[in-house]
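Take a look at the structure set out below.
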Amino acid sequence: MKIKLLNRQSLKVLFTAGARPKESNFFSLIDSMVNKVDDGISKTEEDGLILSPEGKESNRVMSFYQNVEDDIPQWSIDLNQQDDKSLSIIAPITEKEHNNVIAFQKTGEVGIGTRKPKTTLEVNGTLGTNTRVGTYKIATVPADGQWHDILTNLDGCVAFEIMAQVGKEKSGRYALLHAHAVSTFGKSHHKIRKTQAHYGWFWNKIAIRFTGSTYNYKLQLKTKSNYGDDVDIKYHITKLWDTQMNELFK
């Protein structure tokens, strides 16, 4: 039996002096209040507001309605009780259909448009960014014409995207490098695809290479000439592949 929800003013009228409330009116009164056990809601000094799904058959913790009498909420928060205990924010369409908006795994993965992200951040949809920076490594090396390590202790199959820039304001010497560096162990047939621009002579360019032994190799950068003591090559790197990524396919 579905109990009709009543507001405070309606309940006050039913329980005024001399009124004879019906059984259904008492049900409405009881259901208008929060019960810690039945409703899975509580508050403590240590944990703050405590919420849990009602029963084992539902994962629903909280819903947001435009109107409390609507049949379908605008937004809902689910706690997966069966598998990974993930927390999901969804947008219900019908009682059985919904759009997955964002999901949080206890192991740290976040999913946009998916409830089961396989990586730290997985986007099931179109990703738009204003600017992209590789954060695998952000650093500088001297622009002194000598080779400098930018990645060391490499082993196995690797692939990286590198952006590097060098130049001093009003010097007339600048270079910009975009490279994809791919290797299958050291001393293999490395491949580095480079796109670069420079201002001034060709020796203002930036060079990049793999070097090292089969199981311990590295990636290096240098300028083809000495830019001076106070000038550095600024670079950032995005990792595209390493042996750890094989775990994604298991």
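The values are calculated or read from the model by the stated rules, or taken from the named source; none is laboratory data. The model shown is predicted, which means the values in this text are computed figures rather than measured ones. Every residue, glycine among them, receives a Cβ derived from its backbone with ideal geometry; neighbour counts consider all protein chains shown.
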Taking Ser225, is it in contact (Cβ under 8 Å) with a residue 12 or more places away in the chain and more than 23 Å from Leu154 (Cβ to Cβ)? yes
Find the residue count for region 204-224, including only residues that are part of a loop (DSSP other than H, G, I, E, B) and either surrounded by 14 or more Cβ atoms within 10 Å (Cβ to Cβ) or not assigned by TED's automatic domain parsing to the domain that holds Val158 (or both). 2
Answer yes or no: is there a residue in region 74-87 that is on the phi < 0 side of the Ramachandran plot, in contact with an Asp or Glu (Cβ under 7 Å, 6 or more places away or on another chain) and either of a type in the set (D, E, K, R) or in contact (Cβ under 8 Å) with a residue 60 or more places away in the chain (or both). no
Is there a residue in region 47-55 that is touching a Phe, Trp or Tyr at 6+ places or on another chain (Cβ under 9 Å), farther than 18 Å from Glu109 by Cβ and free of Cβ contacts under 8 Å to residues at least 60 places away in the same chain? no
Being more than 30 Å from Lys222 (Cα to Cα), modelled with pLDDT of 95 or more and exposed (fewer than 15 other Cβ atoms within 10 Å of the Cβ) is true for just one of Asn124, Asn130, Asn99, Asn153. Which residue is that? Asn124
Matching entry among Glu247, Glu169 (being out of contact with any His (no Cβ under 6 Å at 6 or more places or on another chain), outside the structural domain of Ile150 (by TED's automatic domain parsing) and not aromatic (Phe, Trp, Tyr)): Glu247
Output the number of the condition that Tyr227 fails; it satisfies all remaining conditions of (1) among the hydroxyl-bearing types (Ser, Thr, Tyr); (2) surrounded by 13 or more Cβ atoms within 10 Å (Cβ to Cβ); (3) farther than 11 Å from Tyr174 by Cα. (3)
What do you reckon, is Glu161 part of a strand (DSSP E or B) and under 14 Å from the mean Cα position of the chain (by Cα)? no
Can you list residue pairs whose Cβ atoms sit under 7 Å apart, with the first residue in region 228-250 being touching a residue at least 40 places away in the same chain (Cβ under 8 Å) and the second being aromatic (Phe, Trp, Tyr)? Count only pairs 6 or more apart in sequence or on different chains. Ile237/Tyr136; Ile237/Phe160; Thr238/Tyr136; Thr238/Phe160; Lys239/Tyr136; Lys239/Phe160; Leu240/Phe160
